[in-house]
Amino acid sequence: MQNDPRMRSESGVLGQIDAQQVPRYAGLGTFARLPQRHEVASHDIAVIGVPFDSGVTYRPGARFGPAAIRQASRLLKPYHPALEVSPFATAQVVDAGDIAANPFDITTAVEQIKDGILGLVTSPEQRFVLLGGDHTIALPALQAVNELHGPVALVHFDAHLDTWDTYFGAPCTHGTPFRRASEQGLIVKGHSAHVGIRGSLYDAADLLDDAELGFTAVHCREIDRIGVDGVIERVLERVGEHPVYVSIDVDVLDPAFAPGTGTPEIGGMTSRELVAVLRAMRALNIVGADVVEVAPAYDHAEVTAVAAANLAYELISLMVG
Ligand SMILES: [Mn+2]
């Protein structure tokens, strides 16, 4: 197409809108100003918004997360120097839009999200990154992943375990996805980990329950002692050779780095520590991922949305690297 400002690689992959032709702040905003799904014949990686927050237990508003992350992703550039990859030239990455999920019926929403993902990711070679939405959406994401890959190792970055049983009698909330996932056989027990856990719990037994469900927890308080390298060692050893799903609750970051979220906890990871751990996962077979719990109403100067956009960029770069 003449005057098409989008970058196209030699292999024919359609990339971002060229910021030398159209300033980053101009134009309608897809994730990283990438093409929409219908603009290309096929895709390798789909970025999918899931504006759903009916599973929250405290501050609402993560339904506006996908739009805020897309807006904050305008600054992402084509080359990732730390991983030495050009993710948008190496793979066909698309913004696949949002999955419409029922805000009044969580059971229906979970089915819609699973079906929505499977409508967009139809072969085991394809990868996806979800933009949440609250953490409830990780359950249908893992269900979808299981249809394509079977059980996966879960690497879960979060202040909270998210393996509680019910809340007000409800089995599917943003505090329960990984207990349900374990019960449903979606994760490889003994090969899944939480990273960044901290904050008050209901009971000391919460931690024991979690271990029985198949997880180990790298607590945030350990990071000063074992360092980022120690965290990486624990994670890589735990995952082994299994395909991996990475779930990032943005509240794993300290509220200083991610104030715009539903259940903030002090003493969290820095964004620098988190990206260092992620980048060490490049040799893993990451088959799907999410970045969840961005609630823009509590954000300031896009601090949280910019962090989330960059985390999604890291995940995409890991998938192609
Ligand atoms: Mn969570």
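Derivation of every value follows stated rules applied to the coordinates shown; laboratory data play no part. Quick caveat, the model's predicted, so the values are computed rather than measured. Every residue, glycine among them, receives a Cβ derived from its backbone with ideal geometry; neighbour counts consider all protein chains shown.
Taking the Cβ of each residue in C172, C220 as the centre, tally the other Cβ atoms inside 10 Å and list the residues starting with the fewest.
Exposure proxy ranking, most exposed first: C172, C220.
I need the fraction of alpha carbon pairs in the chain separated by more than 35 Å, rounded to a whole percent.
Value for the chain (Cα pairs over 35 Å): 13 percent.
Given the C-alpha centroids of the stretch 1-73 and the stretch 132-186, what is the distance between them in whole angstrom?
26 Å
If you take every DSSP beta bridge fully contained in the chain, what fraction is antiparallel? Give it as a percent rounded to 5.
Bridges in the chain that DSSP calls antiparallel: roughly 10 percent.
How large is the direction-averaged shadow of the alpha-carbon convex hull of the stretch 188-230, in nm²?
For the stretch 188-230, the mean projected area of the Cα convex hull comes to 3.4 nm².
Packing-wise, with mean Cβ within 10 Å as the measure, how do 307-316, 149-158, 278-287 rank, highest first?
Top to bottom by mean Cβ count within 10 Å: 307-316, 149-158, 278-287.
Can you tell me what share of the DSSP beta bridges in the stretch 13-140 is antiparallel? A percent to the nearest 5 is fine.
Percentage antiparallel, nearest 5: 10.
In a Gaussian network model over the chain where Cα atoms closer than 10 Å are linked, find which of G185, G49, G132 has the largest mean-square fluctuation.
G185
Given a Förster distance of 25 angstrom, what is the FRET efficiency for A256 paired with H219, based on the Cβ-Cβ distance and rounded to 0.05?
Calculated transfer efficiency: 0.85.
Based on the alpha-carbon gyration tensor of the stretch 191-321, what equivalent-ellipsoid semi-axes (square roots of 5 times the eigenvalues) come out, in whole Å, largest first?
Taking √(5λ) for each Cα gyration eigenvalue gives 22, 20, 13 Å.
Fewest first, what order do V13, V306, V250 take by the number of other Cβ atoms within 10 Å?
Ordered by Cβ neighbours within 10 Å, fewest first: V13, V306, V250.
Among D251, D105, D299, what is the fewest-to-most ranking by other Cβ atoms within 10 Å?
The most exposed by this proxy come first: D105, D299, D251.
With the cut-off at 1.5 for a/c, could you classify the stretch 150-244 from its C-alpha gyration tensor as rounded, prolate or oblate?
Oblate, since a/c reaches 1.5 and b/c is not below a/b.
I need to check one value: relative contact order of the stretch 89-237, counting alpha carbon pairs closer than 8 Å and at least 6 residues apart, in percent.
Worked out over the stretch 89-237, it gives 18 percent.
One-quarter of the Cα convex hull surface for the stretch 102-162, in nm²?
Average of the hull's projected areas for the stretch 102-162 equals 4.6 nm².
In whole Å, largest first, what are the principal axis extents of the Cα atoms in the stretch 267-321?
Sorted largest first, the three principal extents are 35, 21, 15 Å.
Return the long-range amide H neighbours of V218 (sequence gap of 5 or more, or a different chain), with a cut-off of under 5 Å between placed amide H atoms.
Here H194, V195, G196, I197 satisfy the definition.
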